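Undergrad: Take this structure first; my questions come after.
The values are calculated or read from the model by the stated rules, or taken from the named source; none is laboratory data. The structure presented is a predicted model; accordingly, all values stated were derived computationally and were not measured. Here the Cβ is made from the backbone with ideal geometry for all residues, glycine too, and neighbour counts use every protein chain on show. We work out accessible area using only protein heavy atoms, side chains counted, and drop any ligands, DNA or RNA first. Shrake-Rupley method; radii C 1.70, N 1.55, O 1.52, S 1.80 Å.
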Amino acid sequence: MLTILHSESSLGWGGQENRTLHECVGLKKLGARVIVLCKPESRLAERARAAGIEVRTHPMASNRDISAIRYCMSLIKSASVDVVNTHSGDDSFICAIAGRLSGRRPAIVRTRHLALPITSKITYSRFPHRVVTVSEHVRRYLVEVKGIPGGRVVTVPTGIDLARFDPLAAPDTFRAELGVPPDALVVGTIAILRRKKGHHVLLSAIPGILKEVPGVVFVFAGDGPQRQNIEERIKELGIGESVRLLGLRTDVPAVLKGLDLFVLPTLEEALGTSFLEAAAMGIPTVGTRVGGVPEAVKDGVTGVLVDPDDAGALAAAVVRLLKDASLRRSMGEAGRKMVERDFSTERMAERMFELYTGLVREKAAQAS
């Protein structure tokens, strides 16, 4: 049986941790033994246990935590670990070093989830046998900008849980909750309220959209440090009756089911899983030509892409789609098919399983 150890030193919960958990669940279904090593108080530890994944914990106080390295070495030996996949800064030092020092010599993989500049090249260039990126955009950055050998960097896009994001299964309650008439047009965005997500660009576009398509309701799901600034901007623009701030929502499929159009004018994105979630629900999308978004939004097929920080272009794209129900429907259908084909959690797990088994075979061949 293939045994895979995933390490994660972050405490919070976001796209990175969500992907890791989905991968673990998928790998277990494929017959692998999966262990997650994280901090005792981490959200991943809690959710992995709930999902039936083996969890081991260590404080991992820093990337120079000798006790953590020893603990990881012991775990690799006792659990007969074949592959170590590291995810964040500290654990990528700790577990890669443990793997290199271990007598078992497991294959080491480093997953890069973000589009931000890397802070430690060695955890990509020297420690791992392979680097996995969530998008081709991130892969190009590592290879072309940071000089990581291209043959060691592979892209495995983040997958979407199609059972959860199922337009036929999600509850159709969101519009009733909002008190929105069945024939009203609803445009929504779901993202943490940070400036890099571009909420301010959408707000600037809304007056122009309402001029062309009166009565549109805009909903912002999410919370974050920009909430006060967003509230003030809504008042400044006089669009309070048209924009609703929903706060953090856990029923994302239900929110998406109530939308006619998903819009996120993000300024930075490794891939853009929120676009994929909307596409999985059969909702057309409007995004920006930044980062990995063009990989998640097929321009003219599943949605429309505009240049970043361009409220005028954003407004024009939204108006175009709101005025064309047939185009929205065809793009929504194409989006669902795209996710089913290329971006399911099952496909992601299969590709990672193939990568891990290939690495184990390579190491076995080298040892013989």
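Undergrad: Could you list all residues from region 327-368 that are touching a helix residue (DSSP H, G or I) at 6+ places or on another chain (Cβ under 9 Å), surrounded by fewer than 16 Cβ atoms within 10 Å (Cβ to Cβ) and under 28 Å from Gly103 (Cα atoms)?
TA: Residues satisfying the conditions do not exist here.
Undergrad: Next up: Out of the residues in region 196-215 meeting the condition of being surrounded by fewer than 19 Cβ atoms within 10 Å (Cβ to Cβ) and either closer than 30 Å to Gly12 by Cα or at pLDDT below 95 (or both), tell me which one is nearest to the chain's Cα centre (by Cα).
TA: Lys196
Undergrad: All but one of (1) in a loop (DSSP other than H, G, I, E, B); (2) farther than 28 Å from Asp307 by Cα; (3) open to solvent by less than 20 Å² (accessible area, probe 1.4 Å) hold for Leu193; state the number of the condition that does not hold.
TA: For Leu193, the exception is condition (2).
Undergrad: Taking only pairs six or more apart or across chains, which ones have beta-carbon atoms under 6 Å, a first residue in region 98-119 that is closer than 18 Å to Phe353 by Cα, and a second residue that is modelled with pLDDT under 95 and open to solvent by 20 Å² or more (accessible area, probe 1.4 Å)?
TA: Ala107/Lys363
Undergrad: Taking Asp82, is it under 21 Å from Ser120 (Cα atoms) and within 30 Å of the chain's Cα centre (by Cα)?
TA: In short, no.
Undergrad: Go through region 216-245 and report how many residues are assigned to a strand (DSSP E or B) and open to solvent by 40 Å² or more (accessible area, probe 1.4 Å).
TA: 2
Undergrad: Given the conditions (1) within 30 Å of Lys196 (Cβ to Cβ); (2) at pLDDT 95 or above; (3) among the β-branched types (Val, Ile, Thr), report the number of the one that Thr119 does not fulfil.
TA: All conditions are met except number (2).
Undergrad: Shifting gears a bit: Enumerate the pairs (first residue in region 255-270 and farther than 10 Å from Gly282 by Cα; second residue anywhere and surrounded by fewer than 24 Cβ atoms within 10 Å (Cβ to Cβ) and of a type in the set (Lys, Arg)) with beta-carbon separation below 8 Å, excluding pairs fewer than 6 apart on the same chain, so at least 6 apart or on different chains.
TA: Val255/Arg249; Gly258/Arg175; Thr266/Lys196; Leu267/Arg195; Leu267/Lys196; Glu268/Lys196
Undergrad: Determine which single condition Asp260 fails, assuming it passes every other condition in (1) under 21 Å from Arg195 (Cβ atoms); (2) among the charged types (D, E, K, R); (3) touching a strand residue (DSSP E or B) at 6+ places or on another chain (Cβ under 7 Å).
TA: Every listed condition holds for Asp260 apart from (1).
Undergrad: If we keep just the residues of region 282-322 that are part of a loop (DSSP other than H, G, I, E, B) and open to solvent by less than 10 Å² (accessible area, probe 1.4 Å), which is nearest to Lys337 (Cα to Cα)?
TA: Here the residue is Thr302.
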